[in-house]
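A quick write-up on the structure given underneath.
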Amino acid sequence: MNKYNYKIIVIILITASIWTSCKITKPYTKPETSVTYREKETTDTTNIATMKWSELFTDPALQQLISDGLAANLDLKIAVERINQSAVNVKLSKAAFLPSVNGNVSVKESRLAFPQGFGLFDQSTQYDLGISAGWEIDVWGKLKSAKKSAIANLLATDAAKRAVQTQLIANIANSYYELLVLDEQLKVLKKTAKNRETDAETIKVLFENSIINGVAVVQSEANFYEAELAIPDIEQKIIETEHALCVLLAKSPTKIERSSLEKQQLTYDLKIGVPMQLLANRPDVQQAEYNFRAAFEESNVARTYFYPALTISGAAGFSSFGLKDWFANGGLFGNIAGGLAQPIFNKGINKGRLATALSLQKEALYNFEFSMLKASEEVSNALSKYDNAALKEEKRKKQLDALLKALEFNKELLNNSTTNYTDVLTAEQNLLNAQLRGIDDQSQKLHAVVNLYRALGGGWN
């Protein structure tokens, strides 16, 4: 390569360094957003989301189920594969900064006929061995922005995986507590059915002694069958809930080992921190922010297409008409060139590319803002449900005591023929409803704790 070519390359590089001082791409800044929790103004940054899930869920059976789920859940495995795919894209974006190098080997055989057409040919064989390279200099920051976008997508897939993990833990815990609630409901129904069976036998004795009429006998039997018929429905719900939990654990339907509702901790010191901690703790909010960053960098990439691309290319190797002359001075060749490629007739395409990128950027920003609003809603709902369940707890206990006494009084009055069986039946039904609602109150508290923990972003740390 002669000195003239060197001068051209130097001039191009100097020009490129001057152009780089003109910033085409824009620096990224995090989107601003502000959310609050309803009626929970606090400056305390203590947050249960920082607790490990094993510290919040202390039931050994539940801890084992969560561990099994984290090891085997298929949604979690899919999320991990998406991280791997994004990691490959990051490597590819980094490789774009390096020159591309290609090697080639060729043999060309040609025949040249003499002009007089006497059937004579001049035959020659050309042997080529060479290497070529091309390098695009990142003058406008296109490759740098593309790399930043790929990294943001990688971080987004990692956040998505953590979001899957927090949701998985919450789903397992909620399903587990639902089983405990159903077990408790089944226990109450079986006890109620047993009591009503005893009542029916007592009513028969009272009828035989002419203390009450036959209507009470029929009503007592129907009352017993009503309690009996409710049992299969609860048992079916238990089976379906177990099977749904098995899907989360990635195993075939089977019985789930568990403890009981009465062994669960029902009082928690709930610390929610400040709303802006959602951005640091909640994976889906982080994912939305990373998606916005990736879209922002893609709009930077789109801006660079309006400006010329600077490339340097070179080639070297051997070329001769005989293998014996390959490594001779005459067979050696080499060249280097630099150039600028400026789009001329595709300005409309570039405008469309940029408009699309900016629209996707806005969409990603709105998704981020929505994720923050949704997170604050879920936290506020979970807090409200827990507080309301706690308020009902003490009153429910008093209600149950009163209804139990009412049932005892009505049965005593029935034995003394001072009331009819309808009053006893009403008292029994009221007691059963209150017992089932009391179980629902406990269920509401447990589910509220699980959902609050997930809503704050707990479970992945």
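The values are calculated or read from the model by the stated rules, or taken from the named source; none is laboratory data. Keep in mind it's a predicted model, so treat the numbers as computed, not measured. As a convention, Cβ positions derive from the backbone with ideal geometry for all residues, glycine included, and neighbour counts pool all protein chains shown. Ligands, DNA and RNA are excluded from the accessible area calculation, which covers all protein heavy atoms including side chains. Shrake-Rupley method; radii C 1.70, N 1.55, O 1.52, S 1.80 Å.
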Conditions first: (1) open to solvent by 50 Å² or more (accessible area, probe 1.4 Å); (2) at pLDDT below 95. Residue 260 passes all but one, so which condition is the exception?
(1)
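Table: residues versus (1) out of contact with any Leu (no Cβ under 6 Å at 6 or more places or on another chain); (2) within 14 Å of residue 454 (Cα to Cα); (3) modelled with pLDDT of 90 or more; (4) assigned to a helix (DSSP H, G or I).
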site	(1), (2), (3), (4)
132	yes, no, no, no
136	yes, no, no, no
139	no, no, no, no
144	yes, no, no, yes
151	yes, no, yes, yes
156	yes, no, yes, yes
163	yes, yes, yes, yes
166	yes, yes, yes, yes
170	yes, yes, yes, yes
Counting just the residues of segment 172-212 that are among the polar types (S, T, N, Q) and touching a helix residue (DSSP H, G or I) at 6+ places or on another chain (Cβ under 7 Å), which one comes out modelled with the lowest pLDDT?
192
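Matching residues to (1) at pLDDT 70 or above; (2) open to solvent by less than 50 Å² (accessible area, probe 1.4 Å):
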| position | (1), (2) |
| --- | --- |
| 290 | yes, no |
| 298 | yes, no |
| 305 | yes, no |
| 308 | yes, yes |
| 317 | no, yes |
| 330 | no, no |
Lone qualifier among 146, 152 - being in contact with a Lys or Arg (Cβ under 9 Å, 6 or more places away or on another chain), farther than 27 Å from residue 71 by Cβ and buried (at least 21 other Cβ atoms within 10 Å of the Cβ)
152
Test: residue 12 is modelled with pLDDT under 65 and crowded, with 16+ Cβ neighbours inside 10 Å:
yes
Within segment 169-177, is there a residue that is small (Gly, Ala, Ser) and farther than 30 Å from residue 283 by Cβ?
no
Checklist (1) in a helix (DSSP H, G or I); (2) touching a Cys at 6+ places or on another chain (Cβ under 7 Å) applied to residue 215, failing item:
(2)
With the first residue restricted to segment 365-390 and required to be closer than 13 Å to residue 276 by Cβ, and the second required to be open to solvent by less than 60 Å² (accessible area, probe 1.4 Å) and of a type in the set (Ser, Thr, Tyr), Cβ contacts under 7 Å at 6 or more apart or on different chains are 372/33; 376/37; 379/37
Which one is most open to solvent (accessible area, probe 1.4 Å), of the residues in segment 430-461 that are in a helix (DSSP H, G or I) and farther than 30 Å from residue 231 by Cβ?
454
What is the one condition in (1) of a type in the set (D, E, K, R); (2) loosely packed, with under 15 Cβ neighbours inside 10 Å; (3) farther than 30 Å from residue 301 by Cα that residue 94 does not satisfy?
(3)
Please find, within segment 390-403, the residue that is nearest to residue 447 (Cα to Cα) out of those that are of a type in the set (A, V, I, L, M, F, W, C) and surrounded by 15 or more Cβ atoms within 10 Å (Cβ to Cβ).
390
Just give me the residues in segment 35-84 being small (Gly, Ala, Ser) and at pLDDT below 90, in sequence order.
49, 79
Of (1) open to solvent by 70 Å² or more (accessible area, probe 1.4 Å); (2) at pLDDT below 85, residue 366 fails just (2)
Which numbered condition residue 200 misses (of (1) in contact (Cβ under 8 Å) with a residue 40 or more places away in the chain; (2) in a helix (DSSP H, G or I); (3) out of contact with any Pro (no Cβ under 7 Å at 6 or more places or on another chain); (4) open to solvent by less than 20 Å² (accessible area, probe 1.4 Å))
(1)
Which numbered condition in (1) in contact with a Ser or Thr (Cβ under 7 Å, 6 or more places away or on another chain); (2) open to solvent by 30 Å² or more (accessible area, probe 1.4 Å); (3) of a type outside the set (Gly, Ala, Ser); (4) over 30 Å from residue 66 (Cα atoms) is the only one that residue 274 fails?
(4)
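If a residue has to be crowded, with 16+ Cβ neighbours inside 10 Å and not polar (S, T, N, Q) to count, how many in segment 229-243 make the cut?
Total satisfying the criteria: 5.
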Candidates 432, 446, 436 - the one that is within 30 Å of residue 162 (Cα to Cα), modelled with pLDDT of 85 or more and hydrophobic (A, V, I, L, M, F, W, C):
446
